[in-house]
Amino acid sequence: MTAPDIAAAVTVLRSGGLVAFPTETVYGLGADASNPEAVRAIYRVKGRPADHPLIVHVASAAAVPRWAAAVPPAAAALAEACWPGPLTLLLPRRADVDATVAGGRDTIGLRVPAHPLALQLLGAFDGGIAAPSANHFGRVSPTTAAHVRADLGDEVNLILDGGPCTIGVESSIVDVTVEPPALLRPGGIPLEALEAIVGGPVHTDDGGVSRAPGMLASHYAPVARVELVEDASEARRRVEQLRTLGERAELLDPGPDPDLYARHLYSWLRAADDGGVTTLVAVPPPAVGLGWAVRDRLRKAAAPR
Ligand code: TXA
Ligand code: MG
């Protein structure tokens, strides 16, 4: 990426426009986090309810006090160990931070992304960039610039192309305003790693009601119906059975490597839709490392709509 692209993106952000940019997890739809009008444009373009808070991306942990009223010890340890990287920390929102970006909540989600282009953009902009995933509400997140173009096209002023995202699933969201810290969304930093960093348990309410709005059961869904089958040979038989019933069924079974599964998951879901697949029978990865996040997204894609 050349310097003029970054300069153009900064100009767009300063004038209240929208810039899609790569992160190591998924592409973000960015706006100046300090400009409520620009932030409202994100909600409008995404078709997202106004009470679903946005993550504010910052250049480094040094920017945290600008947004957060306090930094609990667990937050400092997690930021130190994981940033730049796929971790979002929920911290108490400073009273002078506009509530629009936080969906009206008294907490603020902060993250330092690891993609070099994102860091260049944040460095040049010298402020916080509010950014949800750059897709329409409820659909599969984009992991390439082409995905963003297909979803948002002219609705975004500029798209920075940084190649395919290397992690492929969204950041882990950890609420550090509670004790013990709570994992609200499994993501790019595995649960095991989070617990090792805080030196104790991290709460998860798997299957329970999530406290992160926007974590709806039917999120991250392709148009194709998704069925989950843990056993690979059983999954193959299920595909055959669906085909004899006249369905356009496909198998998703990339093997046991959770990192590879995460990196390509959203591309595969999109490819299924592009190919007119009616049912995708997916064999989930084991529940280790990024496998937690992939299993979470697959479960949501398979949830009744
Ligand atoms: O990897 C990521 O996190 C990507 C990239 C672009 O950074 N962003 C992303 O944003 O996934 P989004 O908006 O698609 O998902 C953010 C989630 C939403 O479920 C939102 O409700 C939750 O984070 N969230 C953000 N701030 C929150 C807050 N203050 N309280 C509760 N939930 C919050
Ligand atoms: Mg999203």
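The values are calculated or read from the model by the stated rules, or taken from the named source; none is laboratory data. Just so it is clear, the structure is predicted and the values come from calculations on it, not from any experiment. A quick note on method: Cβ atoms are made from the backbone with ideal geometry, for glycine too, and the neighbour counts reach across all protein chains shown.
Tabulated values for the structure
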{"quantity": "Any hit, region 51-74, residues being away from ligand 2 (no atom under 16 Å from the Cβ) and within 16 Å of the chain's Cα centre (by Cα)", "calculated": "yes"}
{"quantity": "Residues satisfying the stated conditions in region 244-265, i.e. part of a loop (DSSP other than H, G, I, E, B) and either without any contact (Cβ under 8 Å) to a residue 24 or more places away in the chain or more than 14 Å from THR278 (Cβ to Cβ) (or both)", "calculated": "LEU245, GLY246, ASP253, PRO254, GLY255, PRO256, ASP257"}
{"quantity": "Conditions (1) under 20 Å from HIS147 (Cβ atoms); (2) free of Cβ contacts under 8 Å to residues at least 12 places away in the same chain; number of the one not met by GLN241", "calculated": "(1)"}
{"quantity": "The one condition in (1) surrounded by fewer than 13 Cβ atoms within 10 Å (Cβ to Cβ); (2) modelled with pLDDT under 95 that ARG211 fails to fulfil", "calculated": "(1)"}
{"quantity": "Filter result for GLY103 (more than 9 Å from ligand 1 (Cβ to nearest atom) and of a type outside the set (A, V, I, L, M, F, W, C))", "calculated": "no"}
{"quantity": "ALA193 being under 17 Å from PRO84 (Cβ atoms), away from ligand 2 (no atom under 16 Å from the Cβ) and in a helix (DSSP H, G or I)", "calculated": "yes"}
{"quantity": "Residue that is nearest to GLY163 (Cα to Cα), among those in region 132-148 that are small (Gly, Ala, Ser) and more than 10 Å from ligand 2 (Cβ to nearest atom)", "calculated": "ALA145"}
{"quantity": "Of the criteria (1) closer than 22 Å to PRO164 by Cβ; (2) in contact with a Pro (Cβ under 9 Å, 6 or more places away or on another chain); (3) touching a residue at least 60 places away in the same chain (Cβ under 8 Å), which one ALA221 fails", "calculated": "(2)"}
{"quantity": "Any hit, region 145-160, residues being out of contact with any strand residue (DSSP E or B) (no Cβ under 8 Å at 6 or more places or on another chain), part of a loop (DSSP other than H, G, I, E, B), touching a residue at least 12 places away in the same chain (Cβ under 8 Å) and not assigned by TED's automatic domain parsing to the domain that holds TRP268", "calculated": "no"}
{"quantity": "Residues of region 126-170 that turn out to be within 15 Å of LEU29 (Cβ to Cβ) and either acidic (Asp, Glu) or buried (at least 19 other Cβ atoms within 10 Å of the Cβ) (or both), as a count", "calculated": "28"}
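Residues are listed down the side, and each one gets a yes or a no for (1) at pLDDT 95 or above; (2) surrounded by fewer than 23 Cβ atoms within 10 Å (Cβ to Cβ); (3) not aliphatic (A, V, I, L, M):
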{"residue": "VAL12", "(1), (2), (3)": "yes, yes, no"}
{"residue": "VAL19", "(1), (2), (3)": "yes, no, no"}
{"residue": "GLU24", "(1), (2), (3)": "yes, yes, yes"}
{"residue": "ALA31", "(1), (2), (3)": "yes, no, no"}
{"residue": "SER34", "(1), (2), (3)": "yes, yes, yes"}
